[in-house]
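Notes follow once the structure below has been shown.
Since every read-out is calculated from the coordinates, none of them should be taken as a lab result. What you are looking at is a predicted structure, and each value in this text was computed from that prediction instead of being measured. Please note: Cβ atoms are built from the backbone with ideal geometry, for glycine as well, and neighbour counts cover all protein chains shown.
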């Protein structure tokens, strides 16, 4: 690892979040922690824990491989870095520090369109290790140059976020608080970069604008996974936006299996992934890989690039250990028979 020491990084996710909170400004901490409900909810995390392991024994696990291939790139473990806005509020290194950690640990970083450093600059600093996350702009004339620019900058894929057609009514800053403010106006946050008119034909148009693989993020229904494939997407990301959009939304761990059964192409999932054991749970339920979000922001706040690197190494170690203890010698051997749901 490089730069600041990661030795101060707590292992327990709750302790890590608390340590990060002490480093962050009050505003940044609130922004990163906010869900659509107040106080913040943790339904995603709780849902993964209800899937319990049923290990197999007497299998040769003397050598365990965690590597996988995604669109021709080998990554060290099926653990990617999700798009998280404004990483620069967690640490001065911001997205460049996260991208450098992705290079060092051989993973993929999905760079948020709302980054504190220009996404193109981030991609050029981490060749072959970045995907571009984007929202379809309200002015769709901006779409073609954005997609074309992704390939020029060296991004390896485009991730289109679909689950934010309008802003969320969150207690933190978005709930109408004056009688003379039209709630609908506040909900739509106009003028807004969000586009409530996006349809599957928009995705088909994006696919036609680039030779890069296009994935769609924010799916929770199997019919949407089928539609994504029908309109040219190469993969889907099962996500509820970190519970930040719709209060009462279903946890990703609950719907992943059904979506994976319906999907064609790559299936990724985020939302509440906190340990390497959660990674294995996701693979058993049909995902090819997972994305982590808040945990790497916490690690970034605590120890910069070194903190993100240490977190990724720990998660890989936990995943490797869980594979061995369930009788798997590779990520590809994870299967549904290794899990039971315990309410």
With Cα atoms, 0 to 90° folded angle of helix 94-105 axis to the chain main axis: 20 degrees
Between 0 and 90°, nearest 10: helix 200-209 axis offset from the chain longest Cα axis: 80 degrees
Three-way shape label, segment 1-126, alpha-carbon gyration tensor, a/c 1.5: oblate
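If packing is taken as the average number of other Cβ atoms within 10 Å across a peptide's residues, how do 29-41, 271-283 rank, most packed first?
Numbers: 29-41: 17.9, 271-283: 26.1.
Per-residue Cβ counts within 10 Å, averaged per peptide and sorted highest first, yield 271-283, 29-41.
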Global geometry of the chain, whether rounded, prolate or oblate, following the gyration tensor of its Cα atoms and the 1.5 cut on a/c: rounded
Part-to-part distance (alpha-carbon centres) for segment 75-117 and segment 191-268, which is given in Å: 21 Å
Stretch gain in nm, segment residue 335-residue 41, where the contour uses 0.36 nm per residue and the Cα spacing is subtracted: 102.9 nm
Cα gyration tensor shape for segment 221-273, rounded if a/c is under 1.5, else prolate or oblate: prolate
Helix 13-23 vs. the chain, principal-axis angle (Cα, 0 to 90°, nearest 10): 50 degrees
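Would you please put 299-308, 114-123 in order of how densely packed they are, using the mean number of other Cβ atoms within 10 angstrom per residue and starting with the highest?
Numbers: 299-308: 27.8, 114-123: 19.1.
Put in order of decreasing packing, that is 299-308, 114-123.
Restricting to Cα pairs below 8 Å that are 6+ residues apart, what does the relative contact order work out to for segment 13-341? Please round to a whole percent.
On the way: 675 pairs, mean separation 84.0, N = 329.
Over segment 13-341, the number comes to 26 percent.
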Antiparallel DSSP beta bridges within segment 13-341, percent to nearest 5: 20 percent
Cα centroid separation, segment 288-343 to segment 14-63 (Å): 11 Å
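Explain nothing, just the number: relative contact order of segment 208-343, from Cα pairs under 8 Å at least 6 residues apart, as a whole percent. Mind showing how you got there, number by number?
Values: 204 pairs, mean separation 26.3, N = 136.
The value is 19 percent.
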Per-residue [θ]222 nm for the chain (sum of -39500 (n - 2.57) over DSSP H runs n ≥ 4, rounded to 500): -12000 deg cm²/dmol
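Ranked highest first by average number of other Cβ atoms within 10 Å, how do 124-130, 211-217, 51-57 line up? Provide the component values of the computation, followed by the final result.
Details: 124-130: 19.0, 211-217: 20.9, 51-57: 13.4.
With the highest mean Cβ count within 10 Å placed first, the list reads 211-217, 124-130, 51-57.
Rounded to the nearest 0.05, what FRET efficiency do residue 211 and residue 76 give with R0 = 41 Å and r taken as the Cβ-Cβ distance? Could you check? Write down the numbers at each step before the final one.
Numbers: r = 26 Å, r/R0 = 0.64.
FRET efficiency, residue 211 to residue 76: 0.95.
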